[in-house]
Each structure stands twice: as C-alpha cells, then as structure tokens.
1. Report yes if Ala174 is within 9 Å of ligand 1 (Cβ to nearest atom), free of Cβ contacts under 8 Å to residues at least 40 places away in the same chain and small (Gly, Ala, Ser), otherwise no.
2. Evaluate region 408-424: report whether one residue or more is part of a helix (DSSP H, G or I), of a type in the set (Val, Ile, Thr) and at pLDDT 95 or above.
3. Consider Gly225 carefully, then state whether it is out of contact with any strand residue (DSSP E or B) (no Cβ under 7 Å at 6 or more places or on another chain), within 16 Å of ligand 2 (Cβ to nearest atom) and under 22 Å from Val161 (Cα atoms).
4. Quick test for you: out of Asp139, Asp132, Asp183, Asp121, pick the one residue that is on the phi > 0 side of the Ramachandran plot and more than 15 Å from ligand 1 (Cβ to nearest atom).
5. It is to be established whether one or more residues within region 89-96 are within 30 Å of Phe199 (Cβ to Cβ) and touching a residue at least 60 places away in the same chain (Cβ under 8 Å).
6. So which residues in region 188-216 are of a type in the set (S, T, N, Q) and either free of Cβ contacts under 8 Å to residues at least 60 places away in the same chain or touching a Gly at 6+ places or on another chain (Cβ under 9 Å) (or both), if there are any at all?
7. Would you be able to say whether some residue in region 316-336 is within 16 Å of ligand 1 (Cβ to nearest atom), in contact with a Lys or Arg (Cβ under 9 Å, 6 or more places away or on another chain) and at pLDDT 95 or above?
Amino acid sequence: MMSGYNILVIGSGAREHAIVRALDKSPQGKELYCLASNMNPGIAEICDELTVGNINDPDFVANYAQEIAATLAIIGPENPLENGVADALWSAGVKTVGPKKRLARLETSKAFTRNLLQEYDIPGGPKYQTFDSMDGVADFLKELNDNYVVKYDGLMGGKGVKVAGDHLHSHDEALIYCRELADKGNSFVIEEKFVGQEFSLMSFCDGDNLKHMPVVQDHKRAYEGDRGPNTGGMGTYSDADHGLPFLNNNDIEEAQTINGATSKAVKAKFGEGYKGVLYGGFMATANGVKLIEYNARLGDPEAMNVLSVLESDFIDICFSIANGTLDKADVEFSNQATVCKYAVPEGYPDSPVIGEAIDVSHVSNRDGLFYASVDIQNDQLVEAGSRTVAVVGTADTISEAEAIAEREISAVKGPLFHRSDIGTEPVVQQRIDHMNSLR
Ligand code: AMP
Ligand code: GLY
C-alpha cells in the first residue's frame, strides 16, 4: 500500500492537465485521481485513475471522493463550483480547493460582484445598474452614451457579454439584446465600458491570506489581430519579472489590493472565507486599474503559464489554502517568461470539426504539451470540438518563449489552427503603444 495523500482533481482540460502535472512534481507521497468529463490522455498518464462522469453532480463527486478516501480535492472548472461540488466535498470531509457555491457567485453572478464591490467600497468598479425588465434601461443607456456593456447575469462562457462598438452598434441594438434577456426572465447588468489593456491576476486565497501569481495576458478572439468571435482564450503570455510589458508596478499593486479587499468583503458578507483561486480580470486604463470580472478558479490558459514556472510544492500550497495557513506557505515562481498557444479545430468556435485525428508526436518537449478537448477513438487521438491542445514555451524573454511555443504548436498536425501572433514582438509592442497613448 502506498502511503501519502489521495488527491482528487475535478475536470479534464488543459488547465487540469497543468494542475495534475504540478501536483505530480511534488516529492510528497501521493496518489492522483481525476474525475473527468472527457478522456484526457495527458492526465490519464500521470494519474493513478481517471474516471469519466458527471463532474457537475455534487453527490456523484462526493461519493467518488469518499470511495477513493480523498484527503484533498481541487476543482478546476466553474460549473462544478456553481453546482455546489465544493459544498458537497467539504460535507463529506474532504478538504477542497475551490469556493463553495455561494462564494463562487463572484464568478457566477455579475450583479453579485458589482454589488459587493460597491457595498464594501472597493475601487475599480464601473458605473452600473442591474435590471430584470426594460424599466429604466433606455435612460441608463442614454446616461452612458456610447460607452456601455450589457452582461447576462450568469455563466455563459463569455458569450453573454456584449460590448458597445464591438458587438452592439447602437442603442437600438442594445435594447433588442436587453429585451431578449428580459423576455426570457433573465436579469442583466449594464455597465460603463472601459478602454485599455486587459490582464489576469490570479491569487491563491485561504479565506484570510492571499499569495499572488504572476500576471498574464490572454487573447480571447479566435483570429490573428484580435479579430473574430470570442473564445475561451487562444493564448497567453507573462513576463520573466511576473509582470507584463505594458503594466507598471503600480498597476499590479492596485490589482493585488482589489483581490485582497474582495476576499475580505466575501468573508465579511458570508462569515466564511473564500478558499481557492481568486482570478481578477482587470483592465489597465488611463484612470487606473479597473475590474472587468471575477472568476472563481484558475484561468485557462493562464494556469499553464503560472504553473509552468511554479517552483514551490503545489500539494503544500493546496493544503495551506484548505487549512487557512497560506501565510506560512512557500509560493515562489521562477523568473522566466512564458507563452502559451492553443491549437483549436478548424471552424472553432462556431462550427468546429469534430472527431478528426491529430498527431502530436512531433512536439519535442512533452512537458510543455497540455491536452484539452480531445478523445481517443479507435486508438487514435481525435479533436473533440473545443480548444484541443496547448503548448507552453518558457525562456528568459517573451520573444524567445514565443518562438518555442510557435515551433511546438506548429508541430501539431491535423485540421487545426492557432494564433501565430500571440506573444510576438510587434503585438506586444502594440499593447505597450496603446497603453502609452492612453496614459
Ligand atoms: P467577461 O465575461 O465579464 O469577462 O466579459 C468578456 C469580455 O468582455 C472581457 O474579457 C472584456 O473584453 C469585455 N468586457 C467586459 N466588461 C467590460 C467593460 N466594463 N469594459 C470593457 N470591456 C468589457
Ligand atoms: N482565460 C479566460 C478564462 O479562464 O476564463
């Protein structure tokens, strides 16, 4: 019999592959288990057991955790959080990284988060109003003029957010979208639109203490030059100093302060601390750092950037989150730049090819390859319809890391595409120039 920890990871994308890899690196005795929604061969290779099942069913997950005598569980995606999987795991006596359902409302309800920031006087919020009918909508749009964003108040994979000038081109179009939401009985938020550069700051959080990760920039649009439909994120980069070339230290400190204040506010409101990863989606603007949204988990692809340079023991970090001892945990990242790129099916995201074979055998660094939406059919690795595989390049500079990531992702063969512009010098320079023109 093996001695050590039985650790359960919930989810089976590239983020969870990165989580499993980081756990596996720990020298501590462990058995790793994964409850998956698809057969991820990268996770299966590392874990002692991978079981495909309904990861959004709290009873199923808690029963499985008890069967394997899990001492720790880590929840990757947002849907299990929304469904109360963390609550069920804690009730079953399993220490869990990932907030309980009502605390995960930071991600699952846009209105909740805006109201919380306002109630606790946390900076970075926009002018906003919440609605569940058309009452007052036209007046508020007039007040915001051309700078508005309409957000469906729930999880919709980023697709419920419509931005003026981008998805909505007149108040008439905005009113049509709002009416669509109101007619379905949905509530929604209308808020001021910010202009600037987006970045992600993820913080480990044990309910009281925070330890921040390097900041990362994601690229949500499907095509080169930030064109085309929104996706879960096509690729990301982060600099060797754990910053981004278009941010200054002040921006990062402001974002850290907002994450800290938010974790305090959640505890004050619920009398219970948030245990998991607090992921702030921020925008650096001419008037300081603004909060776009919160996610209640690691970002995907951001997890691949930060976990690739994590030097400390991830098992220790996860236990310290669950135990409330994060202040004493060692959380160090190496001073290296990372670039992550996803290969996605042709036609993604609107009409992806599915079931086509892909070949990853030419990728030279297997430790930098992360499997996501794939399946095994007739012993063949095939595309399952969403973001397929990711690679991470790690080097002293963003440019060098980009060259590695580009070479590796180009070596993945099949009906796929990726964004070759992410992390290249001209694109990074554009971000710097854009921020300089705003400040
Ligand atoms: P969310 O699902 O809230 O992350 O929104 C999806 C995307 O919409 C974000 O990544 C931003 O690009 C954009 N967005 C959301 N809120 C705002 C805002 N207040 N100002 C400008 N862009 C926004
Ligand atoms: N990178 C975007 C997300 O994880 O939501």
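The values are calculated or read from the model by the stated rules, or taken from the named source; none is laboratory data. Nothing here was measured: the structure is a model prediction, and the numbers come from that model. Cβ sites come from the backbone with ideal geometry, for glycine too, and all protein chains shown count toward neighbours.
1. No.
2. Of region 408-424, the ones part of a helix (DSSP H, G or I) are 408-410.
Applying the additional criterion that residues be of a type in the set (Val, Ile, Thr) yields 409.
When the remaining residues are screened for being at pLDDT 95 or above, the result is 409.
For region 408-424, residues part of a helix (DSSP H, G or I), of a type in the set (Val, Ile, Thr) and at pLDDT 95 or above: present.
3. Numbers: out of contact with any strand residue (DSSP E or B) (no Cβ under 7 Å at 6 or more places or on another chain): yes; within 16 Å of ligand 2 (Cβ to nearest atom): no; under 22 Å from Val161 (Cα atoms): yes.
Judged against the criteria, Gly225 is not a match.
4. Values: Asp139 fails: on the phi > 0 side of the Ramachandran plot; Asp132 fails: on the phi > 0 side of the Ramachandran plot; Asp183 fails: on the phi > 0 side of the Ramachandran plot.
When all the criteria are applied, what remains is Asp121.
5. Here is the first cut: in region 89-96, the residues within 30 Å of Phe199 (Cβ to Cβ) are 96.
Then drop every residue that is not touching a residue at least 60 places away in the same chain (Cβ under 8 Å), which leaves 96.
Yes: region 89-96 contains one or more residues that are within 30 Å of Phe199 (Cβ to Cβ) and touching a residue at least 60 places away in the same chain (Cβ under 8 Å).
6. Of the residues in region 188-216, the ones of a type in the set (S, T, N, Q) are 197, 200, 203, 209.
Across region 188-216, the qualifying residues are Ser200, Ser203, Asn209.
7. Residues of region 316-336 that are within 16 Å of ligand 1 (Cβ to nearest atom), as a first pass: none.
No: region 316-336 contains no residue that is within 16 Å of ligand 1 (Cβ to nearest atom), in contact with a Lys or Arg (Cβ under 9 Å, 6 or more places away or on another chain) and at pLDDT 95 or above.
For every residue, the table says whether it meets (1) of a type in the set (Asp, Glu); (2) more than 17 Å from Cys340 (Cα to Cα).
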{"residue": "Glu402", "(1), (2)": "yes, no"}
{"residue": "Lys413", "(1), (2)": "no, yes"}
{"residue": "Leu416", "(1), (2)": "no, no"}
{"residue": "Gly423", "(1), (2)": "no, no"}
{"residue": "Val428", "(1), (2)": "no, no"}
{"residue": "Asn436", "(1), (2)": "no, yes"}
